[in-house]
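First the structure, in the form of structure tokens, and then the observations on it.
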Amino acid sequence: MRKTLRVAAYAICVRQGQLLLARSPAAGGGHEWVLPGGGMEHGEDPYDTVRREVNEETGYHIEVTGLLGVDSLRRPTPRRHLRPAIDHHSVRLLYEGHVTGGELRHEIGGSTDMAAWHDLTDVPSLRRVGLVDVGLGLWRGRGRSFPRT
């Protein structure tokens, strides 16, 4: 079984009751909303990763104001035909970010195709990845301790 590890950094940017999200193609077709962020490059500081990724996907410059938490996800996939089995592990760092400059724009030729602010009350009705809810939960509970589940 082949093993892979991916470390990524994402931002929760909330202002005036709205959350900044990027739109990404969804498995099986259509689109889903994701937190702006993505994979760390070898040797890159996670703070630099989240700032770079937010800028690439949204056009904004952010100040990282705190580490909200770490999410770990493991997805083993079985062997299929000629593809080997893979044990994939993702470690996702979730930061709080404050927009300091730039202008909202859509990413061209990247992993997302649109960026937008969404009212926090509308987020539950969006087609979104689970990490959006994890990040919002950490953001809402910042300053409190969370038990590991």
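In sequence order, region 18-23 has phi-based couplings of 10, 10, 7, 10, 10, 10 Hz under the Karplus curve 6.51 cos²θ - 1.76 cosθ + 1.60, θ = phi - 60°, and Gly or Pro positions carry x. Estimated translational diffusion coefficient (Stokes-Einstein, Kirkwood radius over Cα pairs, 4 °C, 1.567 mPa s) of the chain: 80 µm² per second. Placing unit charges on the Cβ atoms only, positive for Lys and Arg and negative for Asp and Glu, gives region 62-141 a dipole magnitude near 680 debye about its Cα centre.
Ranked highest first by average number of other Cβ atoms within 10 Å, how do 8-16, 105-113 line up?
Averaged packing, sorted descending, gives the order 8-16, 105-113.
In vacuo Debye scattering of region 1-80, one point per C-alpha: log10 I(q)/I(0) at q = 0.14 Å⁻¹? Each listed q corresponds, in turn, to -0.58. A 1.4 Å probe run over the protein chains yields, for region 56-96, 60 Å² of accessible area per residue, whole-number rounding. Relative to the longest principal axis of the Cα atoms of the chain, helix 130-140 runs at roughly 40 degrees. Between the listed residues Pro25, Gly69, His81, the Cα displaced farthest toward the positive end of the dipole of the chain, a dipole computed from Cβ unit charges relative to the Cα centre, is found at His81. Heavy-atom surface analysis with a 1.4 Å probe gives region 63-144 a carbon and sulfur content of 53 percent of its accessible area.
So, with +1 on the Cβ of K and R and -1 on the Cβ of D and E, and no other charges, what is the size of the charge dipole of the chain about its Cα centre, to the nearest 20 debye? Provide the component values of the computation, followed by the final result.
Numbers: 20 positive and 18 negative charges, 186 e Å.
For the chain, the charge dipole is close to 900 debye.
Placing R0 at 25 angstrom, the Cβ-Cβ distance between Glu63 and Thr121 gives a FRET efficiency of 0.45 after rounding to 0.05.
If each Cα of region 44-124 is one equal point scatterer, what is log10 of I(q)/I(0) from the Debye formula at q = 0.22, 0.24 Å⁻¹? For region 44-124, the Cα-only Debye profile gives -1.12, -1.19.
The long axis of helix 46-58 is offset from the longest Cα principal axis of the chain by roughly 70 degrees. Taking a sphere under 13 Å around the Cβ of Tyr60 and counting the other residues whose Cβ falls inside, with K and R at +1 and D and E at -1, yields a net charge of -2. Counted residue by residue at 0.36 nm each, then reduced by the alpha carbon distance between them, the extension gain from Arg74 to Ser90 reaches 5.1 nm.
The values are calculated or read from the model by the stated rules, or taken from the named source; none is laboratory data. Model, not experiment: these values are computed from the prediction. Virtual Cβ from ideal backbone geometry, glycine too; neighbours counted across all protein chains shown. Remember, those area values only see protein heavy atoms, side chains included, never the ligands or the DNA or RNA. Shrake-Rupley method; radii C 1.70, N 1.55, O 1.52, S 1.80 Å.
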